[in-house]
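To keep things clear, I will list the structure first and then write my remarks on it.
All of the numbers you see were taken from the coordinates with simple rules; none came from a lab. Just so we're clear, the structure is a prediction, and the values are computed from it rather than from any experiment. Every residue, glycine among them, receives a Cβ derived from its backbone with ideal geometry; neighbour counts consider all protein chains shown.
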Amino acid sequence: MFFSTEFSEIISSAVIAVFVGLLIAAALNDLCVYRIPNWVVMAIVALYPIFVFSTELQVDWLYALAGAAGAFAIGFALFSFGVMGGGDVKLISAVALWAGPAHLVEFLFVTAIVGGVMSIIMVTPARLALASAFDTIGLRRPREILLANVLPYGVAIAVGGVVVGLRQMTA
């Protein structure tokens with residue numbers, strides 16, 4: 001920590017808020033065009049050192065970096081087999097950096113649960129029922145998302161990342 005306690009809390013909270021905002025942008029973009037922009041992922045990674053230097057929390061950034069590298073390696077393998085999109089791999093790696101060893105398991109657990117619920121909806125009749133309900137109330141884009149054969153997993157990653165941000169803000 002290089003700043004006074006009060007200033008440090010303000011900077012740290014602001015950086016976490018921007019992190020969460022970027023996660024929401026990634027999720028919305030994934031929902032709308034099935035892409036996670038590189039600039040969003042790069043901004044998430046670029047914010048991390050600012051968080052490390054401004055927070056009063058003990059941040060083990062070397063282990064966080066190792067966790068992000070591990071997430072990228074596993075994600076790259078999944079990408080190679082066509083299981084995961086490239087944007088998803090980059091986003092999960094960037095959020096794993098933020099999660100660090102303190103929150104990595106929780107991040108992956110929340111991401112898996114949300115992704116699992118999304119997957120269950122996509123393979124059950126609930127998918128068609130929800131698509132019909134969205135169509136009835138005039139929401140065409142959610143209907144199209146449900147009828148597509150693509151799972152915007154960036155949404156699940158973003159939810160897991162928001163949990164990480166909230167944990168760090170309340171720590």
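With helices as the sole contributors, the chain gives -28000 deg cm²/dmol at 222 nm; each DSSP H run of n ≥ 4 counts as -39500 (n - 2.57), and the sum is divided by every residue.
Lys/Arg Cβ at +1, Asp/Glu Cβ at -1, dipole of the chain taken about the Cα centre: which of 133, 57, 115 is farthest positive-ward? Working it through, the farthest residue towards the positive pole turns out to be 133.
Distance from the Cα centroid of the stretch 5-38 to that of the stretch 95-129 is 18 Å (rounded to whole angstrom). From most to least packed by mean Cβ count within 10 Å, the peptides 60-67, 98-105 give 98-105, 60-67. Rounded to the nearest 20 debye, the dipole size of the stretch 5-170 about its Cα centre is 580 debye, using +1 on the Cβ of Lys and Arg and -1 on the Cβ of Asp and Glu. Relative contact order of the stretch 1-129, taken over Cα pairs closer than 8 Å and 6 or more residues apart, is 24 percent.
So what's the angle, to the nearest 10 degrees on a 0 to 90 scale, between helix 61-80 and the longest Cα principal axis of the chain? The answer is roughly 20 degrees. Neighbours of residue 153, meaning other residues whose beta-carbon lies under 14 angstrom from its beta-carbon, give a summed charge of 0 when Lys and Arg score +1 and Asp and Glu score -1. Computed over the alpha-carbon pairs of the stretch 115-171, the distance histogram in 5 Å steps reads 4, 19, 21, 18, 14, 10, 8, 5, 1 percent, short to long. Relative to the longest principal axis of the Cα atoms of the chain, the long axis of helix 154-170 lies at roughly 30 degrees.
Relative to the longest principal axis of the Cα atoms of the chain, the long axis of helix 38-54 lies at roughly 30 degrees. Taking Cβ atoms as reference points and 15 Å as the exclusive limit, the residues near residue 108 contribute a net charge of -1, counting Lys and Arg as +1 and Asp and Glu as -1. For Cα Rg over 2.2 N^0.38 Å, the value calculated from this model appears in (i) 0.95; (ii) 1.34; (iii) 1.11 under label (iii).
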